[in-house]
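The values are calculated or read from the model by the stated rules, or taken from the named source; none is laboratory data. Just so we're clear, the structure is a prediction, and the values are computed from it rather than from any experiment. Note that we place each Cβ from the backbone using ideal geometry, even for glycine, and neighbour counts take in every protein chain shown. Ligands, DNA and RNA are excluded from the accessible area calculation, which covers all protein heavy atoms including side chains. Shrake-Rupley method; radii C 1.70, N 1.55, O 1.52, S 1.80 Å.
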Amino acid sequence: MNRITDYVDLLVKTKVPYLDVIAFKDGEELFRYYNARKGATGKERLLMFSATKPLTAVLALRLVEEGVLSLDTPVSELLPEYKDVYLLNEKGERIPPKTVMTVKHLLTMTAGLTYDLSRYPVEQALQGKGSMTDTRAAASAFAKAPLVFNPGARFQYSLCHDVLAAVIEVASGMPFSAYMKRIILDPLGMENTCFSKRSDNDVADLYTADAEGNVYLSAKENTLLVSDRYESGGAGLISTIEDYARFARALSIGGAGILQAESLKRLYTPTLDTIAVDNSFTCVQGSDYGYGLGVRVRRVPTAWGLSVGEYGWDGAAGTYLMVDPVKRVSVVIGLHLMNWPAVFRHEHLAIVQKIYEAFSI
């Protein structure tokens, strides 16, 4: 254990202002340690950014499990404005897509959407709705911009999980946050997890790293939120590492009631065998990984113990989720550092390796 704590201390001293690590095996806490240059309590509330996505994916699969949705359900059945999505041809003329956008396309980031909220049709639609833009209204605005490829043609990181949140809202008949609370947060005791506002100061200090590796305080804001009413399925949660580790633990022991084992296995089964995934992307973590239904998925084992099927995701501020379903291990890491790859690239996996080696996993 000293090897892990010493390494965390070294990282805090030399690279990052704050670091929190929790590991579980077989549902029991295996390791917990945190440190910060300004001191830490282990109760810090963090902007989770894209670490929100795995929860959204689980909620979608819960609705599939219950027969409310299927992976092949057209998005337009729940969000009628998606009947009119379009592409632009070489002449700039609107043309209909060759394939129908489905729930599976949203889960696999193959829907033809982008992550650009400033595109003219989207920005105009959002401004028109203003402070009244909620999850459903935002998804409607996203449909105004042209798709950048036919659904299913390729992988592109995008607003897919934000649109998926609106699909879940309609399919469940509940606000997205209420459905998440009922299915995940309350059963797992995640009392300190909620959706953030555009500028939420009730969170820990947020830092940013520049290209030279300098780290400085930055504004505590989530620029991906379009209004205070918007519950982003792709980037909207605030949580603590303790809380988020409850979610990770549930996944590592087979679903813990939030999903049946077979549904959970669908989450981390690679689905894009014929579609190239951008493996340079930090969330994917290299060519050893493919992509499942909202999570990266390991294709080859490591020499030090990670199993085929190990999966997870991360967030813009460095929050990291890793689950090894074979060895029933989960690891959650918190940083609260924007542009973390400038100073922390590969360190998440290095910490996981030290845990595996220290505990002979």
- Item | the chain, relative contact order in percent, only Cα pairs under 8 angstrom and at least six apart counted | 24 percent
- Message: On the principal axes of its Cα set, how long, how wide and how thick is the range 179-310? Give whole Å, largest value first.
- Response: 43, 41, 29
- Message: So, for the chain, what is the accessible surface per residue at a probe of 1.4 Å, expressed in square angstrom?
- Response: 40 Å²
- Query: Simple spin-label model, 7 Å along Cα-to-Cβ: Lys13 to Lys265 in nm?
  - Reply: 4.7 nm
- Give me the Kirkwood hydrodynamic radius of the chain in Å, from all C-alpha pairs, to one decimal place? 20.6 Å
- Structure-based [θ]222 nm, the chain - -39500 (n - 2.57) summed over DSSP H runs of at least 4, per residue, nearest 500: -8000 deg cm²/dmol
- If one compares the long axis through the Cα atoms of helix 120-129 with the longest principal axis of the Cα atoms of the chain, the angle in degrees, nearest 10, works out at 90 degrees
- Message: Among 145-156, 333-344, 81-92, 276-287, how do they line up by average Cβ neighbours within 10 Å per residue, starting with the highest?
- Response: 333-344, 145-156, 276-287, 81-92
- Note on the structure: Here D for the range 109-254, in µm²/s, from Stokes-Einstein with a Kirkwood Rh over Cα pairs at 10 °C and 1.306 mPa s, works out to 94 µm²/s
- Query: How much of the calculated P(r) for the range 237-286 lies past 13 Å, in percent of all Cα pairs?
  - Reply: 70 percent
- Message: What is the angle, in °, between the Cα long axis of helix 160-172 and the longest principal axis of the Cα atoms in the chain? Nearest 10 is fine, range 0 to 90.
- Response: 70 degrees
